[in-house]
Every structure is written in structure tokens, then in C-alpha cells.
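Nothing in this text is a laboratory measurement; each read-out follows from the coordinates by a stated rule. What you see is a predicted model; the values in this text were computed from it and never measured. In this analysis, Cβ positions are derived from the backbone assuming ideal geometry, glycine residues included, and neighbour counts consider all displayed protein chains.
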Amino acid sequence: MEARGVEELRTYEEINKKIKSGDAIVMTATEFIEYVGRYGLEKASKDVDVVTTGTFGAMCSSGAFLNFGHSDPPIKMIRCWLNDVPAYAGLAAVDCYIGASSMSETKPFEYGGGHVIEDLVSGKEVELRAEGRVTDCYPRESIETTVTLDDINQAILVNPRNAYQRYNAAINSSNRTLYTYLGILLPNYGNIHYCGAGELSPLYKDKDFETIGIGTRIFLGGGIGYVIGEGTQHNPQNQMGTISVCGNLKQMSGEYLKGAVFYRYGTTLYVGIGIPIPIINKRVAVSAALKDSEIFTNVIDFGVPSRNRPIVKKVSYAELKSGKVEINGMEVKASPLSSFKYAANIAETLKKWIEKGEFLLSRPVELIPNYREFKPLIIKRRELIVKDVMTKEIIIGKLTDSIKDVAKKLTERGIDHLPIVDSENKLIGIVTSWDLAKAIAQDKKELVDIMTKRVITAKENDLIDTVVKRMEEYKISGVPIINDSNHVIGILTTDDISRKLVRRRLL
């Protein structure tokens, strides 16, 4: 196998010399693709010294180390909050780490660590509250004050996982709306959400990691940052590589660090990252010339509550960016969660910095690995699933039953939920004791008028915790258990769950 990072066409020293003299030929990734299309790869790789990239999207694995200096008398912080957002204070006395996805204790799902970082960078005052453990050298027990970025000694943006090479797109096959880290997914294949900048994506422009590694100087949050290693969940052999990055928060801009909220999921931070790709050899040039139509990702079904969610379709970024993807003969609307406008602005800004001689390239101390074993978390204790708890002796009703028939079944059997099936024994609705009470109050005569037609269901291999959360979300006390053919094979109620859990504790 040919060695990575071989500087066959030009060296870093030669490129930096041209940058200093103003002679470097720099193009954004989009411009380079057009240049290759016009003049061919051979000429483009000889003519162009650097290709700039950009991405701007939600990067939940982001955060900042902050040092506040010592108060008088001093405090050893063991718990810390910034604008009521918990920060990790298990460091030195007055250091903390604020994570982008940490949520406010008073305004959860509205404000979080990402917003704190944006507020600091934007020059706003932030309320600092901390509790300490009293010692002889740290006699203060608590503190409340306000700080700005200027008041803080060091503010270092340190992001363990950023700039995914590509990102799986998301769709939802289930019959309920899902609230995820890829936004709101409508039921029954209602929409697709996707991330990443496609042909501007920094890590896809050097997809074998021949120029990106520890010490690579980058555009980060509107300032200059550095790659400090591979990112967590780095999976380069599947084009899902990531990087860890850091930079001085005091040099960054609120324009390229934006706190955000994913409705009913949580908070995050949108981060702007741009990486210069030196065209050191032909392989790098080939990668830098990849178009949206040549960069692919998978549409994953989030309607399946599993780590191994099924792939619905493999699509190119060109298809995603068209706004519509064909799924099962239907045109499904596709929407980006990343900003292509900001990604293009970042690539253009980085290009200008280099052309002005304000940004030199750095040779990595060590390249990011292009292969890494990707390990899932193995649960070594057996967890309760639905079939462990559900009632398998089910009582069902037919659409031809009268309301009186249904009431008789519920009272005779001492149950509160009656699934209603069609002539093929497929689930079409459910009637509860509450529905019967409403029927009497409203003088309803037909079963079809009182049953719930949009039924919340579960599968026998679903985790109990997952189903309980679903029941809480919809404020219901039971769900029919169905198989893949929509036949009712059981029912799970809060009583079933309580009895099983109590029995487990007693044993």
C-alpha cells in the first residue's frame, strides 16, 4: 500500500513560501470542482496549491474549558452553573467545562451550554453560580457573580467530535412523530433530514486523511484553531471520520458559534469549521474534486428503535440537495440541518486569509488514522423487553360489535383496553373504559364513533423503558403488541409493568 501524505506535487514549505509572497493559487472546493471540469484533473492538480472547505452544522460534542481566577476568599468549586446551565467542575479549583448539550435547569429545551458559549463570544454577561467544599485553603462555600469573556483567564473551545465526514440522513417509517438529534421526523416516511456540506465537507475533500492530522491549522468558529486528534466515534473506513479540535474562544465570533435547540430533544452548538487541503499529490486532488453527485450517504429509518437501524436507501448529496428523494415510489421532501450558505462563506473566508498571507498551512505531526475498529457498547445484563411482561391472552373486539358488546367484554374480563380488529384480524383501533364513559355521556351508538383509530403500539422485542416513555408521552396506560403483519399478539399495560417489576424486586 502506498504511503499516505507523500508530498509529490508540492511540499508544505513550498506552499507557505508562495502564500507569503502572494503567489499561492487557492480555490474553494466548489471552484476546484469547476476548474477540474473545465481543464481536467492533471492540469488542476498542477495549478492549484490549496483547496479550502467549510461546514456549519450542529456539533453536540462541543464545549469549552473556562478558568475564572480566584475570588477572595477563594473557593474550590465542586458544582458550577452558568446561566443555570450545569458545568462540570471536577477539575482544579476554579476550572470548569461547559458542554454544548447541557441544558438549563430552569429553561430546559430552550437554553443550554451552546447558548452560554455563544453569549460569551458575543460579549454578553453570564451569571456564574458555584458551590464549594470548605477547606483550610478554600474557605468560601458558595459564590454568585457575573462574568464576561474578558473576565475569564482562559477560554478554550475543545470539541471531542466535530465535522463528520458525512452523516446518515434520517426518515421515520413509524406512525408517530419522532423528535431526534436530526430534527422532527414526520410519520409514515413524511420527510428526510440530513447534515453535512457535501462537496464542501472538510473531511471528504481529503477522505483518506493524507493532509489532516494532529496540529493541522483550521478555521474554527470564526478564529484559528487546530486539529488535536481523531474525534470520538471516528469510523473512517465507512467515510464517517471525525476530528477533535480546539481553539482560543476569545478569538472567535458569535457568527460562527450558534446555540440551538432541537425541539423535544435537546440543546446543541452550531460550529463553523474550515480546513485547507494542500494538493500534495494526485490522490488528494482526486478527493478534493469529488462532486455532490459522487458523495453518498444512507437514509436510515429512525422508526426502528435500534442501534442497527435499517438503511432505506443510499443517496447522493446531489439528490438530497435537490429537495426530494424517491422512497418506495413516493417523493419525500429532504431538508438540510446544516447551512450551505455558511459553509460556502467559511471556505471563501479561509481562501481570503490564505491569499492575504494571514494563514499559513501546518504539516500534521501525525495523520488521522484512516482505519479504526468501531466498537458498540455491549449491554452485559439482560434488560426487560415487552414479551417478558405483556399479557399474551388477549381479548379483542370486532368492528361489528356493539358498544354494549364491548362494555360486556371489558367488565367481564376486568380489563380497560380492548383492541379492535378487522376481518383479517389486523388492528384498526382500540376502545378503553374512558371511551365507553364518553360514549354514554355523548349518547354515541356506533363502535366506530368511539374507538381510537390512531393506535399507539409496540413490538414484542421493544425495550420496556422505550415503551414506558412512549406511554408517558401519549398519556396512555396500555398499548397493543403487534407483529410485522399488524396482527395483535398481546397487550401491555401499566399494571403488567408494575406487577413484573415488583416481582423482580422481591426475587
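Observations on the structure shown:
- Charge tally in the Cβ shell below 12 Å around G221, where Lys, Arg are +1 and Asp, Glu are -1, G221 excluded: 0
- Full-extension gain in nm, L399 to D47, via 0.36 nm per residue minus C-alpha separation: 119.3 nm
- Extension gain for K20-E125 works out to 33.9 nm (0.36 nm per residue, less the C-alpha to C-alpha distance).
- The residues packed around I25, meaning those with a beta-carbon under 9 Å from its beta-carbon, carry a net charge of -2 if Lys and Arg are +1 and Asp and Glu are -1.
- Shown here for the range 1-87: GluC sites (Glu not before Pro) in loop regions (DSSP other than H, G, I, E, B) with at most 15 other Cβ atoms within 10 Å, namely E2, E8.
- Radius 13 Å from Cβ of N235, net charge of other residues (Lys, Arg +1; Asp, Glu -1): +3
- The range 212-285: chymotrypsin sites (Phe, Trp or Tyr not before Pro) falling in loop per DSSP and having at most 11 other Cβ within 10 Å: Y263
- Total lysine pairs in the range 3-91 at Cα distances under 27 Å, for residues eight or more apart or on different chains: 6.
- Each of W81, W353 was scored by other Cβ atoms within 10 Å of its Cβ. Arranged with the fewest first, they read W353, W81.
- Sequence-distant contacts, meaning Cα pairs under 8 Å at least 6 residues apart, place the relative contact order of the chain at 17 percent.
- Once both labels are positioned 7 Å from their Cα atoms along Cα-to-Cβ, the gap between K387 and T180 label points is 2.5 nm.
- Here K314 is the anchor, and the aspartates and glutamates within straight C-alpha reach of less than 14 Å, apart from those fewer than 8 places off in the same chain, are D292, E294, D301, E326.
- Counted as membrane-span-like here are DSSP H helices of the chain whose alpha-carbon atoms extend 30 Å or more along the helix's own axis and whose Kyte-Doolittle mean is 1.6 or above; there are none.
- Listed by chain and number, the aspartates and glutamates whose C-alpha is less than 15 Å from the C-alpha of K438, apart from same-chain residues fewer than 8 away, are D416, E446, D449.
- Computed FRET value (nearest 0.05) for K341 with T145, which takes r as the C-beta separation and R₀ as 30 Å: 0.20
- Beyond 25 Å in Cα-Cα separation lie the following of the pairs K387/K475; K408/K500; K258/K352; K107/K453: K408/K500; K107/K453.
- Exposure proxy order (Cβ contacts within 10 Å, fewest to most) of H70, H115: H70, H115
- In loop segments of the range 399-507 as defined by DSSP, the trypsin sites (Lys or Arg not before Pro) with at most 14 further C-beta atoms inside 10 Å of their C-beta are K445, K453, R454, K475.
- Beta bridges by DSSP in the chain, antiparallel share as percent, to the nearest 5: 90
- For Q237 and E105, the difference between the fully extended length at 0.36 nm per residue and the C-alpha to C-alpha distance is 43.6 nm.
- Backbone N under 14 Å from the N328 label point (7 Å along Cα→Cβ), restricted to the range 289-306: 300-304
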